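Below is one structure, written out as structure tokens, with a few remarks after it.
Throughout, read-outs are computed from the coordinates displayed, never taken from laboratory work. Keep in mind it's a predicted model, so treat the numbers as computed, not measured. Cβ sites come from the backbone with ideal geometry, for glycine too, and all protein chains shown count toward neighbours.
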Ligand SMILES: [Zn+2]
Ligand SMILES: [Zn+2]
């Protein structure tokens, strides 16, 4: 078995010259994704969450016909460069929350599309609003042999815990046992998620939710698997036969856009002890709850008593977000070491120093040791890495 780096939440901006996700970059096409994901970023597995869009299905079929993609033996599609595309769909349910359904192959994706067709107004577009309850979507996913995963679970914007319900076990009833994975989202880490004890049953995923090539792989997971395929990813998620998620890599929650409560009236970002629900500047009682505030509001414990046995979460940012590392330095490093994840995780620091200078080597070393400090984000803006 070996390690595979996987980012399982990536949108498609355009397919067949037509927009799939209007707010996403038009450069975010399947072929650019394969080039960037595998070669430049260093990802081995990419989850496409717009695969049920007929535009994307059509392009995937064209790529299969031309041989640019091949069906992987145990599910998913493989590119010539060795990247595995995991096929999935992000759907907004009647509860107003987003869920990810990962499906074994294109046949299952097409059946899933048929399921959605009568419940969605425009299936071409990304993350369609479906006239379907979360529980029903979960059942349809499982019936097709898929993996069901609440997306960016804690965000006030369309996260299941953030905007819908305090316990998935309440919202989904007995079916909660079929939820296998939980996406942490950019503003949360596993330590925060562990404050809700029912999440012990889920495998945590840290994904980019990329809307552009630049944000591809800003969060990722390291999976231990026999080969890159849907079946192996599922075994890793379930922790079967030695397959497992070895680690999550993601942005520090403080960097996220929704870490603390935000006042839409006076733009204040809460700084007081969480949960802050009333604006301390103008008294507004309708704050947009931050992820940290929401978790403190609904948690049933302050930490996981077995936290030392859980999957580690490492704080990472893309090289371009590191202070003092400009686009030319990133280019040089990626050129020399082949891909960005290799630079971030494994490349020899002395060699990095030779290629990009002492300052860059120092800051990458600090990131690996979890020693970066941050200027918090909030109110829809990302935070920043502090100079030192
Ligand atoms: Zn979403
Ligand atoms: Zn206010």
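Observations on the structure shown:
- In summary, the convex hull built on the alpha carbon positions of segment 299-344 has an orientation-averaged projected area of 5.2 nm².
- Cα gyration tensor of the chain - equivalent ellipsoid semi-axes, whole Å, descending: 29, 28, 20
- Among 93, 127, 107, the largest mean-square fluctuation in a Gaussian network model of the chain (Cα springs under 10 Å) belongs to 107.
- Cα gyration tensor shape for segment 184-292, rounded if a/c is under 1.5, else prolate or oblate: prolate
- Prolate/oblate/rounded call for segment 198-241, Cα gyration tensor, a/c under 1.5 rounded: oblate
- Of the residues 203, 149, 279, the one that moves most in a GNM of the chain with alpha-carbon contacts below 10 Å is 279.
- Only Cα pairs under 8 Å and 6+ residues apart enter the sum, and on that basis the relative contact order of the chain stands at 15 percent.
- Cα centroid of segment 12-75 to Cα centroid of segment 315-351, whole Å: 25 Å
- Kirkwood-type radius of segment 35-114, with distances r between different C-alpha atoms, in Å: 13.1 Å
- Listed peptides 244-255, 12-23 by packing density, highest first (mean Cβ within 10 Å): 244-255, 12-23
- Per residue, the convex hull spanned by the Cα atoms of segment 319-369 amounts to 63 cubic angstrom.
- Listing 116, 186 from fewest to most neighbouring C-beta atoms within 10 Å gives 116, 186.
- Anisotropy class of segment 118-172 from Cα gyration tensor, a/c 1.5 cut: oblate
- Ranked 293, 50, criterion: other C-beta atoms within 10 Å, fewest first: 293, 50
- Euclidean distance of C-alpha centroids, segment 137-169 and segment 223-241, integer Å: 21 Å
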